[in-house]
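Only one structure is covered here, and it is reproduced in the block below.
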Amino acid sequence: MFKLHRAWLVAAVTFVALVGAAGFRATPGVLMNPLHEEFGWSMGTISAAVSVNLALYGLTSPFAAALMERFGIRRVVSVALLVVAAGSGLTVFMTASWELILFWGVLVGLGTGSMALAFVATVTSAWFVKHRGIVTGVLTAGSAAGQLVFLPALASIAGSVGWRVAALTVAGAALVVVPMVAWLLRDRPEDVGLLAYGATKPQPRPEITVSAGRRAVDVLVKAARTRNFWLLAAGFAICGATTNGLVGTHFIPAAMDHGMGETAAASLLALVGVFDIAGTIFSGWLTDRVDPRLLLAGYYTLRGVSLMILPSLFAPDTQPSMWVFIIFYGLDWIATVPPTVALCRNRFGDDGPVVFGWVFASHQVGAAIAAVGAGTIRDQHGSYDLAWLVAGGLCVVAAALSLCIRPIREAVLPETRS
């Protein structure tokens, strides 16, 4: 009789948590205009809260990965969901912009950052030997699915009954996931008497003799001595700037600048998530078969071209050319994650998940800079056009950086010489 390996159940629960984390983090994009209209805060001010959210979403990631090594995945994710619920729920009482920064920026940023993509690297490293690439792709697609599930619904709620109900909906959704994580998620296969999927012998548990914070910092210091780390971090910073920071935060208000309705714009952004599910899963499959450096170079180049074209596509109604952009850009949205995770694992071994946490932190720092930068450009120029063009040029730079990463055959050499 066929028996499903427990790794697939863990992957399923991880997927649900990632769906929620992505939806929770992306919600400020829906709330920007309602907050601007009610409180009179500038787009730059609101973008500052989003920027803090994005930065903490990334900077929390390596420390969360280290905490998961020390205290277990289940505990860290459960606490993170409770923090998200608190941050989102408290926003209904705010009256000043600093409270928006505290609740959506700090609390939701910390909570969702603990369920960021370093969480994917931690789960796949512990539970999978076979099919790591494609599982990484599927779990990464959970981030895209979060937009699909949440954004159109939250935009509709915010438009019909107010942004406060939308914020409470996020808080309630986070609380609903907590019992599922506590009941079904497990830290390592050895904890339930199993081997990782595809493994032929138990995987040694990393010996953690220092605090989670010290572990995260020690890994950073070690990795920062290598050329590969800085190439990965710089490329992924541009990745964050051109996805979460720019498109994820500002696509809806940019579309509304051209006369499109908020729900219609949110639906288009959600469709990016739909197509990204297919693109990221396919990227995971390719990562098991193709040099990840070449994949990254191709993804960044195609993304850059699409962003340079985007300013000419906005209109009050959705034109066929915009549909082409949504499909094309969606397939590429976070297809960069599986090859980046693979490069971190291959180049840094057991430190790979924490290294990826730091690389992902650079992703979110880039996103934070882009979020506040694009908002400032909009305030000063009355248009986002310059932001799209700059982002497209940066993608070309990221493609070049990816090709400069050392081939895998050189990864065994002492990188501290570079």
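The values are calculated or read from the model by the stated rules, or taken from the named source; none is laboratory data. Note that the structure is predicted; figures quoted are calculated from it, not measured. FYI the Cβ positions are ideal-geometry reconstructions off the backbone, even for glycines, and counts take in every protein chain you see. Surface accessibility is based on the protein's heavy atoms, side chains included, excluding ligands, DNA and RNA. Shrake-Rupley method; radii C 1.70, N 1.55, O 1.52, S 1.80 Å.
Just a few scattered comments:
- When residues in the range 346-394 are screened for being more than 25 Å from Met43 (Cα to Cα) and crowded, with 22+ Cβ neighbours inside 10 Å, 11 of them pass.
- Flag if Phe251 is open to solvent by less than 10 Å² (accessible area, probe 1.4 Å), within 30 Å of Pro34 (Cβ to Cβ) and not acidic (Asp, Glu): yes
- Condition met for Leu54 (under 27 Å from Leu271 (Cα atoms) and in contact with a Leu (Cβ under 8 Å, 6 or more places away or on another chain)): no
- Selected residue (only one of Val30, Val16 is open to solvent by 10 Å² or more (accessible area, probe 1.4 Å), among the β-branched types (Val, Ile, Thr) and either assigned to a helix (DSSP H, G or I) or touching a residue at least 40 places away in the same chain (Cβ under 8 Å) (or both)): Val16
Per-residue answers, yes or no, for (1) open to solvent by less than 20 Å² (accessible area, probe 1.4 Å); (2) touching a His at 6+ places or on another chain (Cβ under 8 Å):
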residue: Ala255; (1), (2): yes, no
residue: His258; (1), (2): no, no
residue: Asp276; (1), (2): yes, no
residue: Ser283; (1), (2): yes, no
residue: Asp288; (1), (2): no, yes
residue: Ser306; (1), (2): yes, no
residue: Leu310; (1), (2): yes, no
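- Filter pass, Leu154 being more than 14 Å from the chain's Cα centre (by Cα) and surrounded by 22 or more Cβ atoms within 10 Å (Cβ to Cβ): yes
- Among the residues of the range 101-132, those identified as hydrophobic (A, V, I, L, M, F, W, C), surrounded by 23 or more Cβ atoms within 10 Å (Cβ to Cβ) and not in a helix (DSSP H, G or I) are Met115, Ala116, Phe128.
- Cβ-Cβ under 6 Å pairs, at least 6 apart or on other chains, the range 306-324 side assigned to a helix (DSSP H, G or I), far side of a type in the set (Lys, Arg): none
- Residue in the range 351-362 that is under 27 Å from Leu268 (Cβ atoms), in a helix (DSSP H, G or I) and either among the basic types (Lys, Arg) or touching a His at 6+ places or on another chain (Cβ under 8 Å) (or both) present: no
- A residue that is surrounded by fewer than 24 Cβ atoms within 10 Å (Cβ to Cβ) and without any contact (Cβ under 8 Å) to a residue 60 or more places away in the chain occurs nowhere in the range 53-73.
- Taken together, the residues in the range 88-100 that are assigned to a helix (DSSP H, G or I), closer than 16 Å to Ala48 by Cα and not charged (D, E, K, R) amount to 4.
- Look at the range 109-137: where a residue is in contact (Cβ under 8 Å) with a residue 40 or more places away in the chain and within 18 Å of Ala368 (Cα to Cα) and a partner is of a type in the set (D, E, K, R) and part of a helix (DSSP H, G or I), sitting 6+ places away or on another chain with Cβ atoms under 8 Å, you get Gly109/Arg25; Thr112/Arg25.
- Some residue of the range 355-364 being out of contact with any helix residue (DSSP H, G or I) (no Cβ under 6 Å at 6 or more places or on another chain), at pLDDT 90 or above and closer than 18 Å to Ala234 by Cβ: no
- Residue tally, condition closer than 18 Å to Phe236 by Cα and either of a type in the set (Phe, Trp, Tyr) or under 20 Å from the mean Cα position of the chain (by Cα) (or both), over the range 275-292: 7
- The sole residue among Val165, Val149, Val123 that is modelled with pLDDT under 80 and of a type in the set (Val, Ile, Thr) is Val149.
- Selection over the range 4-13 of residues that are open to solvent by less than 50 Å² (accessible area, probe 1.4 Å) and of a type in the set (D, E, K, R) gives a count of 0.
- Criterion (of a type outside the set (Val, Ile, Thr), assigned to a helix (DSSP H, G or I) and at pLDDT 95 or above) met by exactly one of Leu296, Leu331, Leu343: Leu296
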